[in-house]
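S.K.: First the structure, which I've put down as structure tokens, then a few questions once you've had a look.
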Amino acid sequence: MLLFFLPGAPPSLLILVTLAVAVYLTAIELRELKPHYLWWFWWLLLVVITHFVGYLVLRGYAFYRRRRPAGA
């Protein structure tokens, strides 16, 4: 994603909108998980850098955390 902000590469409005949607969905997911604030920063940074791939990784992580037994 950061490659789109290099000099000479015009940012596409569609790319910026989808990045905003991915960051918004990440924030919603993190509110539900209630991680430490450093984890918030880490996940948001991952999504900004990798775009929707990072968001999909977060969804997989959240699914794993919900399915895992409470005592494990």
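The values are calculated or read from the model by the stated rules, or taken from the named source; none is laboratory data. The model shown is predicted, which means the values in this text are computed figures rather than measured ones. Every residue, glycine as well, gets a Cβ built from its backbone with ideal geometry; the counts of neighbours run over all protein chains shown.
S.K.: Do you know which of the residues in the range 44-58 that are in contact with a helix residue (DSSP H, G or I) (Cβ under 7 Å, 6 or more places away or on another chain) and in contact (Cβ under 8 Å) with a residue 24 or more places away in the chain is nearest to E32 (Cα to Cα)?
M.R.: L58
S.K.: Give the residues of the range 35-56 that are at pLDDT 85 or above and not in a helix (DSSP H, G or I), sorted by residue number.
M.R.: H36
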